[in-house]
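Just below is one structure, and these are the notes that go with it.
Please treat every number below as a calculation from the coordinates, not as lab data. Source: prediction; values computed, not measured. All Cβ positions, even for glycine, are placed from backbone atoms using ideal geometry, and neighbour counts span all protein chains on display.
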Amino acid sequence: MKPTSRLLITGGAGFIGSHLAEALLDTGAAVTVLDDLSTGRRENIAGLLRHPRFRLVEGSILDEVLMDAEIRDCDEIYHLAAAVGVKLIFERPVRAIKINAGGTENVLEAACRWKRKVFLASTSEVYGKDARNESPGFRETDDIRFGVSMRWCYASAKILDEYQARARYQENGLPVVIGRYFNTVGPRQVGAYGMVMPRLVQQALEGRPLTVYGDGTQVRSFTWVGDAVKATVALMAHPGAVGEIYNIGSDEAVSVIELAERIKRATGTASKIEFVPYKEAYGEGFEDAHHRVPDISKLRTAIGYRPTRTLDEILSGVIAAFRAQDGEDPAAPGGTADSGESGGAGGRPARTAQAAEGAS
Ligand code: NAD
């Protein structure tokens, strides 16, 4: 009989990590989540705490001794822990750089020591300013251009993570797989301070004005969390993915103003759309990427990936998740990424500062 794989998810109490934990448990693996619960929440994994193959370790990826012990005791690592959110990082860059660059170094060093395969969660933010404005969107081989604004320190730390991982692969033969997630949405994501879709949906449901930053012509695409998780698991199972970088997202593009209009229609809100200058939303010196859509052909070729939901279906799932949370229906189903029918095992999310990936 095949021994049970022991999988470690750093950041597994977070939005994507908690869905990943469920998916990996479903494969029959034993799953350990290591999380400092800074933006992640115990409620996200409440449904898993009594699972016989699940373990939660409360701790930080900055703790080298802990990381060494946990990585020694696992077979593979999904490294998702990070200080996230463009806004938060813009405000607290020292902490973000320490966690995102230093924490990842700890993970990779221990993985090298114990020869454990690593999935590294990177981000579409690494594409920086507009390098590619036209179809088919950003390719993994595109050049990258950042600005000097502190806003780019998250992207810089994440690209350094990618280089660290690839360097370990090249020099030490460490098997690494790098996934660049594009705006991922679904149950358990919070709207406050957050990325554009959950923020606008929350505003619409609360009857507040939908605030669009800048002139709303910026273009985005959205990934259903269930698709992001499936792609992650499939890439780790695909031998050809080792040493490679993959965009994980959807190529259905939409301008933010069009998104706001669709949210108005889908929620039936009487809220108006209000334009807010970037300066007012984020403070002086903030820069945004105008166009943020992936070319997903590399991912498609590797694992046969296709997004399972259209933008409108994703929107319905996000609206349903927020409605379930706001109704605080204790009988609501678990709200897995695939069902998208509820707000998740944890019910209403705390209104804490959280992700602002591709914020505007
Ligand atoms: P999240 O905030 O829900 O998850 C991050 C998790 O990391 C949280 O549970 C947090 O508590 C934990 N964490 C933070 N610092 C830690 C530390 N020092 N030690 C241990 N745990 C720590 O955000 P998410 O959206 O689920 O993001 C998961 C990963 O995906 C991150 O690496 C993020 O950069 C990346 N990503 C997400 C998106 C998106 O759209 N959600 C897009 C691109 C990349």
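Residue 145 versus residue 237, label points 7 Å from Cα toward the beta carbon: distance in nm?
4.1
Counting pairs of alpha carbon atoms under 8 Å apart in space and at least six apart in sequence, what relative contact order in percent does region 6-327 give? Can you show the working numbers first?
Working: 613 pairs, mean separation 56.3, N = 322.
The value is 17 percent.
Given labels modelled 7 Å from the Cα in the Cβ direction, how far is it in nm from residue 274 to residue 58?
3.8
With θ taken as phi - 60° and the coefficients 6.51, -1.76 and 1.60, list the Karplus ³J(HN,Hα) couplings across region 151-163 in order, rounded to whole Hz; mark glycine and proline as x.
The phi angles translate into 4, 8, 6, 5, 4, 5, 5, 5, 6, 5, 4, 4, 5 Hz.
Where both partners of a DSSP beta bridge lie in the chain, what percent of those bridges are antiparallel, to the nearest 5?
5
I'd like the GluC sites (Glu not before Pro) in region 82-158 restricted to DSSP loop residues with at most 11 other Cβ atoms within 10 Å, sorted by number.
On the way: sites: 91, 105, 109, 125, 134, 140; in loops: 134, 140.
In loop regions of region 82-158 (DSSP not H, G, I, E or B), the sparsely surrounded GluC sites (Glu not before Pro) are 134.
Could you state the number of Å between the C-alpha centres of region 107-131 and region 54-100?
About 12 Å separates the Cα centre of region 54-100 from the one of region 107-131.
Test of understanding: in a Gaussian network model of the chain with alpha carbons linked when under 10 Å, which of 260, 237, 111 would top the mean-square fluctuation ranking?
Sorting by GNM fluctuation, first place goes to 237.
Could you derive backbone 3J(HN,Hα) for region 246-259 from the dihedral phi with the Karplus parameters 6.51, -1.76 and 1.60 (θ = phi - 60°), listing whole Hz in sequence and x where the residue is Gly or Pro?
So the Karplus estimates, Gly and Pro as x, are 10, 6, 10, x, 10, 9, 7, 8, 8, 7, 5, 5, 5, 4 Hz.
About its Cα centre, what dipole magnitude does region 6-327 give when the only charges are +1 on Lys and Arg Cβ and -1 on Asp and Glu Cβ, stated in debye to the nearest 20? Please list the in-between numbers first.
Details: 40 positive and 42 negative charges, 87 e Å.
Dipole about the Cα centre, nearest 20: 420 debye.
Show me the GluC sites (Glu not before Pro) within region 263-298 that DSSP assigns to loop and that have at most 11 other Cβ atoms within 10 Å of their Cβ.
Details: sites: 274, 280, 284, 287; in loops: 284, 287.
Qualifying residues, ordered by number: 284.
Considering the convex hull of the alpha carbon atoms of region 6-327, report its projected area averaged over all viewing directions, in nm², one decimal.
Working: hull surface 61.3 nm².
The number I arrive at for region 6-327 is 15.3 nm².
Just to confirm the filter: which trypsin sites (Lys or Arg not before Pro) across region 34-92 are DSSP coil and have at most 16 other Cβ within 10 angstrom of their Cβ?
Values: sites: 41, 42, 50, 53, 55, 72, 87; in loops: 41, 50, 53.
Listed in order of number, the matching sites are 50, 53.
Using a Gaussian network model on the chain with a 10 Å cutoff between Cα atoms, which of 184, 308, 232 fluctuates the most?
Greatest mean-square fluctuation among the candidates belongs to 308.
Would you look at the GNM of the chain, springs on alpha carbons closer than 10 Å, and say which of 115, 279, 230 moves the most?
279
Pairs 117/230; 230/298; 158/279; 129/298; 129/272: which exceed 20 Å Cα-Cα?
Details: 117/230 18 Å; 230/298 15 Å; 158/279 25 Å; 129/298 22 Å; 129/272 30 Å.
With Cα atoms farther than 20 Å apart: 158/279; 129/298; 129/272.
Pull up all non-local amide H partners of residue 176: gap of 5 or more, or a different chain, and H-to-H distance under 5 Å with H placed in the peptide plane.
Amide H neighbours of residue 176: 118, 243.
Between residue 5 and residue 300, what is 0.36 nm times their sequence separation minus the Cα-Cα distance? Round to one decimal in nm. Can you show the working numbers first?
On the way: separation 295, 0.36 × 295 = 106.20 nm, distance 2.63 nm.
Between residue 5 and residue 300, full extension yields an extra 103.6 nm.
What distance in nm separates the simple spin-label points at residue 290 and residue 262, each placed 7 Å from Cα in the Cβ direction?
For the pair residue 290/residue 262, the computed spacing is 2.2 nm.
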